[in-house]
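Peer 1: Before anything else, here's the structure in question.
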Amino acid sequence: MALDLDPGSAATGNAQLVRAIIEEMDGSAIPFERFMELALCHPEHGYYRTPGRIGPGGDFLTSPRIHPMFGWSIAAWAHWSWETLGKPEPFTVFEPGAGEGYLATAMLDWAWGRDEEFAKALRYVAIEPGARGSDSRVTWAAPPIQPAEHGLVVTNEFFDALPVRLFDATSRGPQEVYVRWNGESFEEVAGPIANIPEAPSDGRFEVNVRAFATMTELSALVEQGAVLTFDYGYPREELWAPWRTQGTLLCFYRHTSHHNPYIHVGDQDMTAHVDFTELEAALDSAGYATFGPVSQTVFLYALGGQQLVEAVRQDLQEYFARRRALEQLTDSAGLGRVRVLAGLRGIDSTPPGFEDGL
Ligand SMILES: C[S@@+](CC[C@H](N)C(=O)[O-])C[C@H]1O[C@@H](n2cnc3c(N)ncnc32)[C@H](O)[C@@H]1O
């Protein structure tokens with residue numbers, strides 16, 4: 001006798017998460033932004049609550065997972081900031097969205113390997129709701145975070161993971177996308193019309209309403225020092241260019257990207273490109289001088305990425321590992337498209353990596 005084997009709502013993704021979202025919907029629709037927040041950050045079942053999402057066995061790769069040389073480069077940049085500030089102690093590195101702490105470990109290793117005085121001055125605070133790292137040199141923290149007098153706030157692929165509001169341009173104005181459960185799957189429904197100055201007049205677009213406030217909060221974490229942000233994104237005019245009619249929302253499942261946020265719910269990453277104009281404006285209004293955004297490629301080569309490869313010519317295994325890593329980190333079709341934005345407060349110089357302003 002054949003049975004009905006259809007798993008019902010469990011076919012949509014993580015069964016417990018799908019159930020939790022349906023319960024919150026309570027028969028009506030919720031804004032896409034809330035759907036994305038639950039899918040990624042539900043306190044128990046959200047996508048980021050499970051370790052192993054980033055890396056060869058997960059769904060996507062980030063720069064810290066490619067090779068420690070990414071973190072070494074940022075450590076050298078932090079060292080420059082520390083020296084330029086007059087070697088204050090302590091010098092605190094805050095890393096929101098630190099994931100499993102790969103960047104932290106690489107930076108701390110560089111510090112201990114290169115300059116004991118710097119290493120001893122360094123405090124590393126990883127801000128991550130999941131708090132899964134195991135490096136005992138790192139303090140894992142959740143807001144509210146105690147600000148520091150001197151330091152660096154560094155983020156990698158943090159802002160592009162924040163939930164976004166989704167809109168469809170209509171003749172009446174931007175109409176927000178809402179999501180409901182139709183008994184078998186999640187589906188989109190049209191929400192209210194919004195008033196968004198200079199919004200695209202065609203197609204779909206996202207608004208990351210949290211970016212400005214979040215950057216403002218982060219910029220308050222250090223009184224004097226730097227903010228260094230790595231993310232996929234564009235200045236506003238490029239993000240909302242008339243030819244971009246599908247928006248930038250992307251999902252990643254087992255190293256394949258696609259555009260459907262309503263499958264593999266809680267088992268796939270979701271990301272939307274960052275509006276760098278917003279991030280710059282937030283830094284600017286917090287009294288930071290801003291630099292960039294430049295591409296990760298420009299940044300890493302300017303800092304000396306190639307020299308880091310050439311330095312180990314005698315050790316062929318490490319040489320090829322670094323060479324391959326630099327290729328991946330600067331690949332114009334991949335991580336090389338990440339942009340780097342810096343802000344400095346209390347430092348009156350152009351930071352390394354931004355001299356050419358490209
Ligand atoms: C795309 S992952 C990047 C992880 C890591 N930075 C890397 O490059 O491998 C985004 C990270 O941001 C974290 N995250 C999301 N919202 C956050 C928030 N409000 N505060 C702190 N971390 C957050 C997620 O848990 C996740 O670890």
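Read-outs: derived from the displayed coordinates by stated rules, not from any lab. Computed from a predicted structure; not experimentally measured. Glycine gets a Cβ as well: all are built from the backbone with ideal geometry, and neighbour counts include every protein chain shown.
Peer 1: What is the extension gain from S257 to I196, computed as 0.36 nm multiplied by their sequence separation minus the C-alpha to C-alpha distance, in nm to one decimal?
Peer 2: 19.1 nm
Peer 1: Let me ask something else about it. For every other residue with a beta carbon closer than 11 angstrom to the beta carbon of E237, add +1 if it is Lys or Arg and -1 if Asp or Glu, then tell me the sum.
Peer 2: For residues surrounding E237, the net value is -1.
Peer 1: Going 7 Å from the Cα of E355 in the Cα-to-Cβ direction, what parts of segment 58-101 have a backbone nitrogen less than 19 Å from that spot?
Peer 2: 73-85, by backbone N distance to the label point.
Peer 1: If you don't mind, there's one more thing I want to ask. Per residue of the chain, what 222 nm ellipticity follows from adding -39500 (n - 2.57) for every DSSP H run with n ≥ 4, rounded to the nearest 500?
Peer 2: Calculated from helices alone, the mean residue ellipticity at 222 nm is -9000 deg cm²/dmol.
Peer 1: Still on this structure, please answer the following. Can you work out the PRE-style zone for D284? Point 7 Å along Cα to Cβ, and I want the residues of segment 317-358 with backbone N under 17 Å.
Peer 2: Residues passing the 17 Å test: 341-345.
Peer 1: Once you list every other residue whose beta carbon is under 9 Å from the beta carbon of V179, what net charge do they have if Lys and Arg are +1 and Asp and Glu are -1?
Peer 2: 0
Peer 1: Tell me the volume per residue, in Å³, of the convex hull enclosing the alpha carbons of the chain.
Peer 2: Hull volume normalised by residue count: 161 Å³.
Peer 1: Then there is this: Build a GNM of the chain with springs between Cα atoms under 10 Å: which of G55, G71, G46 gets the top mean-square fluctuation?
Peer 2: Residue with maximal mean-square fluctuation among G55, G71, G46: G55.
Peer 1: Anyone know which of D160, D315, D348 comes out most mobile in the 10 Å Cα GNM of the chain?
Peer 2: For the chain, modelled as a Gaussian network with Cα springs under 10 Å, the answer is D315.
Peer 1: Let me ask something else. Tally Lys and Arg at +1 and Asp and Glu at -1 over the other residues with C-beta under 10 Å from the C-beta of P293: what net charge comes out?
Peer 2: -1
Peer 1: Listing E238, E37 from the residue with the fewest other Cβ atoms within 10 Å to the one with the most, what is the order?
Peer 2: The fewest-first ordering by Cβ neighbours comes to E238, E37.
Peer 1: So, one more: Given +1 on the Cβ of Lys and Arg, -1 on the Cβ of Asp and Glu, and no further charges, what dipole in debye does the chain carry about its Cα centre, rounded to the nearest 20?
Peer 2: In debye, rounded to 20, the chain gives about 480.
Peer 1: Something else now. Please rank M36, M270, M1, M107, fewest neighbouring Cβ atoms within 10 Å first, as an exposure proxy.
Peer 2: Arranged by neighbour count, lowest to highest, M36, M270, M1, M107 become M1, M270, M36, M107.
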